[in-house]
1. On the protein heavy atoms, probe 1.4 angstrom, tell me the percent of accessible surface of the range 29-159 carried by carbon and sulfur.
2. Tell me, what ³J(HN,Hα) does each residue in the range 116-121 have, in order and in whole Hz, if you take phi through Karplus 6.51 cos²θ - 1.76 cosθ + 1.60 with θ = phi - 60° and put x for Gly and Pro?
3. With θ set to phi - 60° and the Karplus curve 6.51 cos²θ - 1.76 cosθ + 1.60, what are the ³J(HN,Hα) couplings of the range 254-267 in order, to the nearest whole Hz, using x for Gly and Pro?
4. Full-extension gain between Asp2 and Glu118, please, as 0.36 nm times their residue separation minus the C-alpha to C-alpha distance.
5. Could you pull out every residue, at least 5 positions away or on a different chain, whose amide H is within less than 5 Å of the one on Gly32? Hs are placed 1.01 Å off N in the peptide plane, and Pro or chain starts have none.
6. Provide the percentage of antiparallel DSSP beta bridges, counting only those with both residues in the range 47-153; round to the nearest 5.
7. Among the lysines, which fall within straight-line cross-link reach of Lys233, defined as a Cα-Cα distance under 20 Å, with same-chain neighbours fewer than 8 residues apart omitted?
8. Direction-averaged shadow area of the convex hull around the Cα atoms of the range 131-290, nm²?
Amino acid sequence: MDKNNAANAGTFKFDDNFIVNRLGYGTMQLTGKGVWGPYKDPDHAVDLIKNAFDLGVNFIDTADSYGPWTADSYLAKALKEYSDSDKIFISDKVGQVRTGENEWTPVGVPAFLRQEVELSLRMFHRDHEDLLFLHRIDSHVPIEDQVGELKKMQDEGKIKHIGISQVSLDELKAAQKIAKIDAVENMYNVGHHKDDDGIVDYAEENNIAFLPWFPLDTGNLAKTNSPLEDIAKKYNASPAQIALAWLLKRSKNIIPIPGTSSLDHLKDNLNAANVNLSSEDFEKLSSLQK
Ligand SMILES: NC(=O)c1ccc[n+]([C@@H]2O[C@H](COP(=O)([O-])OP(=O)(O)OC[C@H]3O[C@@H](n4cnc5c(N)ncnc54)[C@H](OP(=O)(O)O)[C@@H]3O)[C@@H](O)[C@H]2O)c1
């Protein structure tokens, strides 16, 4: 198989009809500055997503709040123009509104969550969400109402699997009392994982997918002078590949979703699946964080 194919990373199974390669793609870079407004070259954004499909990426993490709606519009166009689009799974998120560059406000009012799901399904020309995250718990709304609304939509067939994003282990357990939670999406990378309160191991023990957001620490781990440069040289790899290889080795339930606007970087990231870190180097990397 091509060394840059996402299938080299192995798979994660949500259910018999929903099995994804363990290197996905996140659309958040396909927006304007501060995740606000359109990307500077929309045609390039659409082509990049189609390139990802061609390279075996069948799991795309997105959210209506990226732009808002701009990244989703490129994803929708890429899906429309791709012949095998029914083999592409979407990891979507609801529950945040945008008011400007880098401004994010959690809104967990059930009617709003439902509207977001309905508009996303309309955008993607689909009748269900494969995986739908509550992007943030809104502290002004009881969690029972927020996760409960997702559960209602799951019972109606509009959502296959429910996830919850940026949560503690206690919050995950509280959500599990309301609905079956099949995925967690938290900030997590080789440079920042000290907040892990056991949630990654708990996810693995309970067959819950774990999507680490900022897998490259928004590029800091991938750039020149990255703290991973020395070890990268040893493996004849890029620092980005080392960061992703560490995540892939950390737990079989981790599905990294690196974001990029560059085809070269996309291929570089997918090649991370071919880096086999030794146990010694894995431990060394694990102790790198600030
Ligand atoms: N659930 C949440 O609350 C949440 C929050 C944030 C993000 N997310 C999700 O997580 C995904 C990933 O996060 P992210 O995209 O913000 O950060 P990231 O994946 O940690 O890093 C992306 C940055 O790294 C650079 N990069 C990527 N590959 C590279 C490579 N091989 N070499 C050098 N530089 C490279 C990109 O620049 P180039 O464009 O130049 O490649 C970009 O600036 C998002 O797309 C989104 O889907 C979720």
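1. Reported share for carbon and sulfur atoms: 50 percent.
2. For the range 116-121, the Karplus curve yields 4, 4, 4, 5, 5, 4 Hz.
3. 7, 10, x, 10, x, x, 7, 10, 10, 5, 4, 5, 4, 5
4. 38.0 nm
5. When sequence neighbours closer than 5 places are left aside, the close amide H contacts are Gly37, Tyr39.
6. Bridges in the range 47-153 that DSSP calls antiparallel: roughly 35 percent.
7. Candidates past the 8-residue exclusion: Lys3, Lys223, Lys249, Lys267, Lys284.
8. The number I arrive at for the range 131-290 is 10.4 nm².
The values are calculated or read from the model by the stated rules, or taken from the named source; none is laboratory data. Note that the coordinates shown come from a computational prediction; the quantities given were computed from them, not determined experimentally. A quick note on method: Cβ atoms are made from the backbone with ideal geometry, for glycine too, and the neighbour counts reach across all protein chains shown. Ligands, DNA and RNA are excluded from the accessible area calculation, which covers all protein heavy atoms including side chains. Shrake-Rupley method; radii C 1.70, N 1.55, O 1.52, S 1.80 Å.
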